[in-house]
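Let me begin by presenting the structure, written as structure tokens, before commenting on it.
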Amino acid sequence: MNPFPFAMLYLVLSLSPAFSQQPSATTSAGPLPVESVFDKLPGRWVRLQGGYVITIRAVDADGKLDASYANPRPLPFHVAVASRDGNALKLLFELRAGGYYGSTYTLSYDAANDRLTGVYDQVVVKQKFDVVFVRDKS
């Protein structure tokens, strides 16, 4: 009886678990990072009507914005969030400091023109204004 076939069978069976535990050369180390839908938002945004400034320093994965307002002195936002509505990026800012008493900016990001457009609801004077913010590139 020839022992060679048995030796080959033993070798194949003993090595196959080791091969199956080796990572494949085509297997990635993990998922590739996906660009956040909010990555375009950070920056200094200047309102065309009046020079007011919204500065967005960062956005977390849930859309919470690290942002402030200047008119011309800096003011904190009570609420500053971004959300996705279908393909649109929506932003909501609420001011309560400095006599703003809950006035809000409800904005959308216009990717084609790299600007924020929407409505400023000035609750103190009970008026709404169409507004446009452009990115300060200086």
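The values are calculated or read from the model by the stated rules, or taken from the named source; none is laboratory data. Owing to the predicted nature of the structure, the values given are computational and were not obtained by experimental measurement. Note: ideal-geometry Cβ built from the backbone for every residue, glycine included; neighbour counts use all protein chains shown. The area values use the complete protein model at the heavy-atom level, side chains included, leaving out ligands, DNA and RNA. Shrake-Rupley method; radii C 1.70, N 1.55, O 1.52, S 1.80 Å.
Kindly establish whether LEU41 is within 30 Å of ASP130 (Cα to Cα), in a strand (DSSP E or B) and at pLDDT 50 or above. So LEU41 fails the test. Is one or more of the residues making up segment 78-88 of a type in the set (Lys, Arg) and free of Cβ contacts under 8 Å to residues at least 24 places away in the same chain? Looking through segment 78-88, none of the residues is of a type in the set (Lys, Arg) and free of Cβ contacts under 8 Å to residues at least 24 places away in the same chain.
Those residues that are open to solvent by 60 Å² or more (accessible area, probe 1.4 Å) and either assigned to a loop (DSSP other than H, G, I, E, B) or over 23 Å from LYS40 (Cα atoms) (or both), I need them from segment 61-71; list them, please. Of everything in segment 61-71, those that are open to solvent by 60 Å² or more (accessible area, probe 1.4 Å) and either assigned to a loop (DSSP other than H, G, I, E, B) or over 23 Å from LYS40 (Cα atoms) (or both) turn out to be ALA61, ASP62.
For (1) open to solvent by 50 Å² or more (accessible area, probe 1.4 Å); (2) modelled with pLDDT of 95 or more; (3) of a type in the set (Ser, Thr, Tyr); (4) in contact with a Lys or Arg (Cβ under 7 Å, 6 or more places away or on another chain), each residue gets a yes or a no:
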site: ARG73; (1), (2), (3), (4): yes, no, no, no
site: SER83; (1), (2), (3), (4): yes, yes, yes, yes
site: LYS90; (1), (2), (3), (4): yes, yes, no, no
site: LEU95; (1), (2), (3), (4): no, yes, no, no
site: SER103; (1), (2), (3), (4): no, yes, yes, no
site: THR106; (1), (2), (3), (4): yes, yes, yes, no
site: ALA112; (1), (2), (3), (4): yes, yes, no, no
site: PHE129; (1), (2), (3), (4): yes, yes, no, no
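Which condition number in (1) open to solvent by less than 70 Å² (accessible area, probe 1.4 Å); (2) at pLDDT 95 or above; (3) more than 14 Å from PHE133 (Cβ to Cβ) is the one that VAL46 fails? The number of the failed condition is (3).
Of everything in segment 72-90 that is within 18 Å of GLY118 (Cα to Cα) and assigned to a loop (DSSP other than H, G, I, E, B), the residue that is farthest from the chain's Cα centre (by Cα) is PHE77.
Within segment 109-124, the residues that satisfy the criterion of being assigned to a loop (DSSP other than H, G, I, E, B) and touching a strand residue (DSSP E or B) at 6+ places or on another chain (Cβ under 9 Å) are ALA111, ASN113, ASP114, VAL123, VAL124.
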